[in-house]
Amino acid sequence: MTVCFEQSVQDPQVVDNKNHHNANELVLEGGFIVSDNVSNAGFDAPEINAFGHTFRDYNVESERKKQVEEFYRMNHINQTYEFVKKMRDEYKKLDKLEMSIWECCELLNEVVDDSDPDLDEPQIEHLLQTAEAIRKDYPNEDWLHLTALIHDLGKVLLLPRFGELPQWAVVGDTHPLGCAFDESIVHQKYFKENPDMNNPAYQTKNGIYAEGCGLENVMISWGHDDYMYLVAKENKTTLPQTGLFIIRYHSFYPLHRSGAYKHLMNEEDVENLKWLQIFNKYDLYSKSKVRVDVEKVKPYYISLIEKYFPEKLRW
C-alpha cells in the first residue's frame with residue numbers, strides 16, 4: 001500500500017500499488033498507511049559511493065576528505081544564531097531574480113557541492129537521479145517526484161546573481177542554533193570556535209526553546225534547504241506540507257539519521273519526519289555516475305511544475 005496525495009496531506013487517499021504489496025504495514029499518524037518495506041521500496045541501495053567508499057564516511061582517506069572537513073570547520077565557526085537570523089531576513093525578500101523552476105534546475109549545472117563526500121557531479125544530475133529513483137518506486141506520488149527534483153535548488157545561492165554566498169553558508173548538514181550542539185553533528189569539534197559557545201543561554205538541551213515547540217520555531221543553520229523552503233512557500237506552491245517539510249529539513253541529519261533534537265518536535269513534525277526518512281534513502285543512495293537523459297524526462301517534470309507552481313517565481 002502507499003499514499004496518494006491530491007493537493008494536501010489533510011485529504012489523502014490510500015491506493016493500491018503493486019510495488020508496495022506487503023502484509024506488514026507501518027501506520028502513520030493521521031491515517032496514512034505505508035508498507036513496512038516502503039523504506040526499501042524496491043530500491044537497492046548501493047554499498048559504495050561514486051569514489052568507491054561507504055556513504056557519508058567523513059573519516060575515510062579520499063581526495064575530498066580535507067576539502068569536506070575544511071568546509072565543516074568554516075560552517076561550524078560561522079553559523080551563529082544572529083547570522084542565520086540575518087540571512088532569513090535578507091533572503092525572505094525574494095528580490096534576486098524571477099525565473100521558472102526548470103530555469104533554476106538548469107542553473108545548477110554550474111554548481112558542485114564541496115560538502116558532499118559522495119559525489120562531485122553537477123547538482124542537476126543528483127536532482128534527476130533522486131527524482132527518477134523515487135518515481136520508479138512511488139509512481140502515484142507525483143508531489144514526491146517534484147519534491148525530489150527541487151529539494152536542492154536553493155544551492156543557487158552559490159551563484160553571483162544570488163549573492164555568491166560561501167559554500168559553508170549554502171550546503172552541508174544543518175543543525176539548530178540557540179541550544180546545545182549535539183555530538184552527532186559531523187565534525188562537532190569545530191563548534192568550540194563558534195561565538196554562540198560564549199552564550200550560556202544556548203548551552204542547554206532546550207536552549208531558548210520550549211520542549212515540543214515545533215521545528216518551525218527553531219532557528220536552523222542557514223543554507224539551501226531553508227532558502228528553497230522560503231521560495232516555495234512565499235510563491236504559494238500547492239505542494240503538500242509534507243513536501244515543504246522535506247525540502248526544509250532534508251539536510252538535518254542529526255535529526256533524521258541520529259534522532260537528535262526530537263524533543264523540540266511537535267506532532268506534525270513527527271508525522272512528517274517519517275516521510276523525510278523515506279525520502280532520505282533516495283536523496284543519499286541514488287548518487288552515482290549513471291547519467292539521466294534530461295530531455296527524455298523533462299516533459300514529465302515540466303507537467304508537475306505547472307501543476308504545483310506558478311510559471312515564474314520570485315527568488
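What a 1.4 Å probe finds exposed on segment 233-305 is 49% carbon and sulfur by accessible area, rounded to a whole percent.
Would you work out if segment 225-274 is rounded, prolate or oblate? Take a ≥ b ≥ c from the square roots of the eigenvalues of the alpha-carbon gyration tensor; rounded if a/c is under 1.5, else prolate when a/b is larger than b/c, oblate otherwise. It is prolate, given that a/c is not under 1.5 and a/b is the larger ratio. Per residue, the convex hull spanned by the Cα atoms of segment 139-286 measures out at 124 cubic angstrom. For the residue pairs LYS65/LYS136; LYS93/LYS312; LYS155/LYS307; LYS136/LYS296; LYS155/LYS262; LYS86/LYS281, the C-alpha atoms sit more than 21 angstrom apart in LYS65/LYS136; LYS155/LYS307; LYS155/LYS262; LYS86/LYS281. With the Cα gyration tensor of segment 189-231 giving a ≥ b ≥ c as the square roots of its eigenvalues, does the rule (a/c under 1.5 for rounded; else a/b larger than b/c for prolate; else oblate) give rounded, prolate or oblate? Taking the square roots of the gyration eigenvalues as a ≥ b ≥ c, segment 189-231 is oblate.
Cα centroids of segment 134-187 and segment 69-86: how far apart, whole angstrom? One Cα centre to the other: 15 Å. What shape does segment 225-315 take by its C-alpha gyration tensor, where a ≥ b ≥ c are the square roots of the eigenvalues and a/c under 1.5 counts as rounded, a/b above b/c as prolate, and the rest as oblate? Note, shape of segment 225-315 comes out oblate.
Tell me, what is the per residue accessible area of segment 250-314 in Å², probe radius 1.4 Å? That works out to 46 Å² for each residue.
The values are calculated or read from the model by the stated rules, or taken from the named source; none is laboratory data. Since this is a predicted model, take the numbers as computed values, not measurements. Calculation scope for accessible area: heavy atoms of the full protein, side chains included, ligands and nucleic acids excluded. Shrake-Rupley method; radii C 1.70, N 1.55, O 1.52, S 1.80 Å.
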